[in-house]
Amino acid sequence: MPRSRRLRRSDQIRGLTGSASVNKANFIYPLFAIEGKSKKEAISSLPGQYRYTLDILKTELKELKEIGLNNFLIFGVVDNKDQKGSYALTKNQIVAEAVKLIKDTDQNFLVFTDICLCGYTDHGHCGLIKEKGNQLVIDNDETVKLLGEMAVIHAKAGADFAAPSAMMDFQVKGIRAALDNNTCEDTGIMSYSAKFLSAFYGPFREATGNTPKISDRSTYQLPVNHGKQAITEIGQDIDEGADIVMVKPAVMYLDIINEASKRYNAPIAAYHVSGEYAMIKAAVQKGWLDEKRAVLELFTSIKRAGADIIISYYSKEAAKWL
Ligand code: PBG
């Protein structure tokens, strides 16, 4: 029988034998871009996170580079919304401009862009809606066409990866084809493959104003209790051409991350979402948690479960701690 505590005897032995480690090279930091000038709007539900106009984002990027954060996921937040999310297909849209700015600041920055309509539709759904009988349904295949066009616009602006989050069937296949047909073969896809219908997106919806006005996302996001479907979706996205697959949220779904990491060889990203961030922040503000220890424990758990990449609003603080 080994005496287990032999392996815990010193920092050096503990360091030598631990397997999951947190590294800022694996972080992706979400950034919210808005139109206009000289604005840095605090997001009250996400303490420490902001919506930036591009002139201010430019300064922020310098700071992020200094602390060694090089990977960003861009969300556009706009007032200009309509039923079809037309803004998403305009050429000089805020996300494309943000991508150009980031790449101009440093070619080595990696840029991921969220590909979804919910930030641009007035009804707030991730896809186009149409009436069928007296029911509103999401037009899956028409939506996929738009997602492909959106991805091409971002790719032409310099994005490295399209990150489709609409949970439409065959969105990865459609986006891959659109990129390939438009000479963007080198642009990758990080798919939100297993995105659950989670209560933990609440604070994000305050950040971007993308709450559906009618009904909810239950016909496209995964039911919380459908673990097997999540694993199937991840496999299907890999078959459709996803380079990186994502599980979202992270901590409540470590079982899915773990299962996927055993079954598939594609890199797995875990999205530590807005509600997961906000609940730690709230407890820290009350003085109930040691922030650094809690966050690094949580990130270690995500890695231990089998994720390669961590997407988190905590990336900036964590990068400073490491
Ligand atoms: C857009 C999108 C959402 C998030 C990422 N992309 C919101 C949603 O699906 O409602 C959530 C991110 C977070 O909560 O941090 N489809």
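The values are calculated or read from the model by the stated rules, or taken from the named source; none is laboratory data. Owing to the predicted nature of the structure, the values given are computational and were not obtained by experimental measurement. Quick reminder, even Gly has a Cβ in these numbers, built from the backbone with ideal geometry, and neighbours come from all protein chains shown. Each accessible area value is taken on the protein alone, full model and side chains, heavy atoms only, with ligands, DNA and RNA left out. Shrake-Rupley method; radii C 1.70, N 1.55, O 1.52, S 1.80 Å.
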*Of all accessible surface on the chain at a 1.4 Å probe, what whole percent is carbon and sulfur?*
49 percent
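For the chain, what percent of Cα pairs sit more than 25 Å apart?
50 percent
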*In the stretch 1-78, which trypsin sites (Lys or Arg not before Pro) fall in coil by DSSP and have 12 or fewer other Cβ atoms within 10 Å?*
3, 9, 37
*Find which of 90, 77, 1 sits farthest along the positive direction of the dipole of the stretch 1-118, computed with +1 on the beta-carbon of Lys and Arg, -1 on that of Asp and Glu, about the Cα centre.*
1
_With the crude spin-label approximation of a point 7 Å out along Cα→Cβ, what separation in nm comes out for residue 17 versus residue 37?_
6.2 nm
*Where only protein heavy atoms count, and the probe is 1.4 Å, what is the accessible area per residue for the stretch 79-149 in Å²?*
47 Å²
*Would you grab the residues whose amide H sits under 5 Å from the one on residue 193? Only those 5+ places off in sequence or on another chain, please, with H modelled 1.01 Å from N.*
246
*How many times 2.2 N^0.38 Å is the alpha carbon radius of gyration of the stretch 89-242?*
1.04
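Based on the mean of other Cβ atoms within 10 Å per residue, sort peptides 133-145, 201-213 so the most packed one is first. Working shown, then result.
Working: 133-145: 14.4, 201-213: 17.6.
With the highest mean Cβ count within 10 Å placed first, the list reads 201-213, 133-145.
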*asked:* Can you give me the long-range amide H partners of residue 29? Hydrogens built in the peptide plane at 1.01 Å from N, cutoff under 5 Å, separation of 5 or more residues or another chain.
replied: 71, 72, 73
*Principal-axis tilt of helix 254-263 within the chain, Cα atoms, nearest 10 degrees*: 90 degrees
*the stretch 200-322 - accessible surface per residue (Å², probe 1.4 Å)*: 46 Å²
*asked:* Tell me the angle of helix 227-240 to the major Cα principal axis of the chain, expressed in degrees between 0 and 90 and rounded to the nearest ten.
replied: 70 degrees
*Given 0.36 nm per residue, what is the gain on full extension from residue 183 to residue 110 after removing their alpha carbon distance, in nm?*
24.4 nm
_Computed magnitude of the charge dipole of the chain (debye, nearest 20; Cβ of K, R +1, Cβ of D, E -1)_ = 1420 debye
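Can you show me the helix-derived [θ] at 222 nm for the chain, built from DSSP H runs with n ≥ 4 at -39,500 (n - 2.57) apiece and divided by the number of residues, rounded to the nearest 500. Please report the intermediate quantities before stating the final value.
On the way: 11 runs with 126 residues, N = 322.
Rounded to the nearest 500, the figure is -12000 deg cm²/dmol.
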